[in-house]
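Some notes on the structure that comes next.
Please treat every number below as a calculation from the coordinates, not as lab data. Worth saying up front: this structure is predicted, and the values here are computed from it rather than measured. All Cβ positions, glycine included, derive from the backbone under ideal geometry; neighbour counts span all protein chains shown.
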Amino acid sequence: MKIGNTIINVRGDFDIACTRRLSGNGATVVFIHGFGSAKEHFRYAFDSPSLEGFSLVVPDLVGFGQSRGPEEFGYRMKDQAAVILQLLDRLEIVTFHLCAHSMGGLIAMNMAEMEPFRVLSLIDMEGNLTPEDCFISGQVAERTFEEFVEKGRRKLEVLFRDAGLEDPSMREYVNTFAAASTEALYTSACHTVEVSSTPLVERLSRIRNVCFIYGEKNRGLYPGEALLQAAGVPIFYIKDAGHSMATENPKQLFSVIRSFIDGVSRTAPGG
């Protein structure tokens with residue numbers, strides 16, 4: 001199975017950095033990273049025994065990592081969703097399973113709503129559901145753009161670097177946050193805060209073959225969990241992990257993802 005890193009031009013306007021693995025006739029799993037992050041957050045997916053047999057596609061969102069777009073790009077969740085769908089068109093991927101983390105869950109939700117018959121399942125990993133989920137994005141959005149440019153961004157980067165002295169996942173985040181464009185960070189944060197005040201659990205529950213994953217360390221901490229339970233959305237917990245479960249306990253995370261996808265595949269027509 002060959003793993004390749006490439007930059008793919010989409011629609012003539014976007015250069016999307018993407019790590020991809022082709023695997024015979026297996027289904028495709030698409031990973032969507034979160035706010036201030038990048039495709040490297042899912043690097044362990046490519047070595048996971050649980051994901052053997054799957055083709056994998058892991059892009060950088062526009063304005064994050066190495067992906068860039070035109071100056072007038074909106075950086076709203078639906079904007080990002082449209083570009084990723086067009087990237088998959090370029091790669092000739094018709095149907096796929098979606099695995100999305102944090103803010104990426106909002107983008108994946110839009111993808112599933114825009115083209116529901118292409119999305120075979122949606123695995124949402126601590127995606128935004130309520131205002132309480134807006135950790136870093138909330139700190140960004142509380143400032144004006146000018147304030148964020150002048151001192152807000154620098155202040156956050158110093159805080160992340162200090163936190164990284166004890167937290168390995170934060171050490172990685174320092175680098176990916178620094179690589180993101182200022183416009184992408186600020187506009188994405190504002191839109192994340194905006195949509196997190198809407199009935200997201202209702203929207204999520206209407207998507208077919210959906211589940212939600214929390215790090216065990218965050219069990220019971222956020223109001224979205226009870227809303228998911230009331231809506232009947234399956235919830236899984238990753239032991240010894242918090243928000244960055246893809247790096248804190250990738251073995252169990254990818255095992256849970258594989259089990260969920262296998263279950264969806266067995267119950268699908270013709271499965």
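Assorted remarks:
- Checking each residue in the range 86-106 for being outside any strand (DSSP E or B) and under 14 Å from the mean Cα position of the chain (by Cα) picks out Ser102, Met103, Gly104, Gly105, Leu106.
- Residues (in contact with a helix residue (DSSP H, G or I) (Cβ under 8 Å, 6 or more places away or on another chain) and of a type in the set (S, T, N, Q)) located in the range 34-82: Ser37, Ser48, Ser50, Gln66, Gln80
- Only one entry in Ser188, Ser205 is in contact (Cβ under 8 Å) with a residue 12 or more places away in the chain and within 30 Å of Gly69 (Cα to Cα), namely Ser188.
- Filtered residues of the range 205-224 (kept if crowded, with 20+ Cβ neighbours inside 10 Å and farther than 17 Å from Ile257 by Cβ): Gly224
- Matching entry among Val158, Val94, Val140, Val119 (being loosely packed, with under 15 Cβ neighbours inside 10 Å and in contact (Cβ under 8 Å) with a residue 24 or more places away in the chain): Val94
- Within the range 219-246, being more than 18 Å from the chain's Cα centre (by Cα), in a helix (DSSP H, G or I) and touching a residue at least 60 places away in the same chain (Cβ under 8 Å) holds for Pro223, Leu227, Leu228.
- Restricting attention to the range 101-116 and to residues that are surrounded by fewer than 24 Cβ atoms within 10 Å (Cβ to Cβ) and not aliphatic (A, V, I, L, M), the residue that is farthest from Ser205 (Cα to Cα) turns out to be Glu115.
- Selection within the range 234-271 - buried (at least 17 other Cβ atoms within 10 Å of the Cβ) and closer than 22 Å to Thr198 by Cβ: His243
- Residue under evaluation Gly36, criteria (1) more than 14 Å from the chain's Cα centre (by Cα); (2) of a type in the set (Gly, Ala, Ser); (3) at positive phi, criterion not met: (1)
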